[in-house]
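We did not get these values from a lab; they are worked out from the coordinates using the rules stated. The model shown is predicted, which means the values in this text are computed figures rather than measured ones. Glycine gets a Cβ as well: all are built from the backbone with ideal geometry, and neighbour counts include every protein chain shown.
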Amino acid sequence: MSLDDTLNIFRAIGEETRLRIMGLLCRGELTVTEITTILGQSQPRVSRHLKILADAGLAERHREGAWMFYRVAAEARDDPALGAVLTSVEAIADSSDRIVARDRERFEQSREARAAVAAAYFKENAREWTRLRRLHLPESDIEARMVGLLKGEVVDQFIDLGAGTGRMLEIFAGHYRAGVGYDLSHEMLAIARANLERAGVAHAQLRHGDLFSLPLEPQSADVVCIHQVLHFLAEPAAAVAEAARLLKPGGRLIISDFAPHDLEFLRDEHAHRRLGFSDEEVRDWCAAAGLALDKIETLSPGSGERRKLTVKIWLCDSPAKAMREISRLHPRSVA
Ligand SMILES: C[S@@+](CC[C@H](N)C(=O)[O-])C[C@H]1O[C@@H](n2cnc3c(N)ncnc32)[C@H](O)[C@@H]1O
């Protein structure tokens, strides 16, 4: 890194609004609109500051439909100068300073407002969920492929994050000895209970809980499933990290969600936050959570199914399996 580059970093962070923005981004990814609302400043002004932070290598952006997302640049933490600046930013962002304390509070309010939109959607649509899910998914194909990933194995503990109406607990029922599904929506959980009872699935439980912080010991699950949940979340990476925490060594995480798409109306009408995910993004979350992305399946809709979207299934392994694979492929690289 040159003297000029280093000066650029300090010039970028050496301004109050930009320091506050980086403090917010250290808490999590935000859209430009959310940053504008939290800071109470105009959009052009905020965008100008964000560009300076991105040019200095501290922040990175990613456009998805009409929304622009900003986050801490993925490689910044590995760079000595940028990493040191981020450590200082985190310290000030956690401090009791009056201005940053208010930013923190507004960040939380923004997250809560976002979660409330999704919660209201699920409360209102719990009874309709089975029909709504089918609108955009080639459902039976996906389910068969997801279950097929376990290759007939029966595991001890299966955990479903964002269990909704209990469909995953139902289709995987023959593949676990004990299952538990967590969801934040009481309405969804009530329907899930009725569905599982009707399907005769007595070895699964349903519990109310936030998938970002579950009251479960680390390494308690053989398989964790996150089906059609991540695109509603403000922090999908944190959900993957929580799933990784729950997995036993050698356990597997099965994620299914949309491939990147441009159906913007899903945000307004169906509370989606993200318009699908790329394989690279999922791979990065896995790597950050200590998982290895083992397999990717892509299910494209048929030519006559214009309303359906391409769906991805990502199979991720927790370390023991990942290490076994590395030692199989490169026997001398693993001590
Ligand atoms: C689209 S539904 C999918 C349900 C189910 N996995 C399926 O495929 O039918 C998403 C579910 O995630 C739940 N959810 C959203 N945020 C959550 C959170 N932070 N913790 C637990 N559940 C959450 C919602 O209440 C909703 O039931």
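Quick check on region 120-142. Is at least one of its residues within 13 Å of the ligand (Cβ to nearest atom), part of a loop (DSSP other than H, G, I, E, B), within 22 Å of the chain's Cα centre (by Cα) and aliphatic (A, V, I, L, M)? Looking through region 120-142, at least one residue is within 13 Å of the ligand (Cβ to nearest atom), part of a loop (DSSP other than H, G, I, E, B), within 22 Å of the chain's Cα centre (by Cα) and aliphatic (A, V, I, L, M). If the condition is being more than 20 Å from the chain's Cα centre (by Cα), surrounded by fewer than 20 Cβ atoms within 10 Å (Cβ to Cβ) and not in a helix (DSSP H, G or I), then region 25-66 contributes Gly40, Gln41, Ser42, Gly57. Filtering region 143-155 to residues that are over 19 Å from Trp129 (Cβ atoms) and either under 20 Å from the mean Cα position of the chain (by Cα) or not in a loop (DSSP other than H, G, I, E, B) (or both) leaves Ala144, Arg145, Val147, Gly148, Val155. The set of residues in region 211-258 being more than 12 Å from the ligand (Cβ to nearest atom) and surrounded by fewer than 17 Cβ atoms within 10 Å (Cβ to Cβ) consists of Pro215, Glu217, Pro218, Gln219, Pro249, Gly250.
I'd like to verify a number: residues in region 200-210 that are among the hydrophobic types (A, V, I, L, M, F, W, C) and either closer than 19 Å to Gln228 by Cβ or within 10 Å of the ligand (Cβ to nearest atom) (or both), how many?
Of the residues in that region, 2 qualify.
Residues of region 244-274 that are touching a helix residue (DSSP H, G or I) at 6+ places or on another chain (Cβ under 7 Å) and assigned to a loop (DSSP other than H, G, I, E, B): Ala271, His272, Arg273, Arg274.
Return yes or no: is Ala178 over 22 Å from Leu275 (Cα atoms) and more than 10 Å from the ligand (Cβ to nearest atom)? When the stated conditions are applied, Ala178 passes them.
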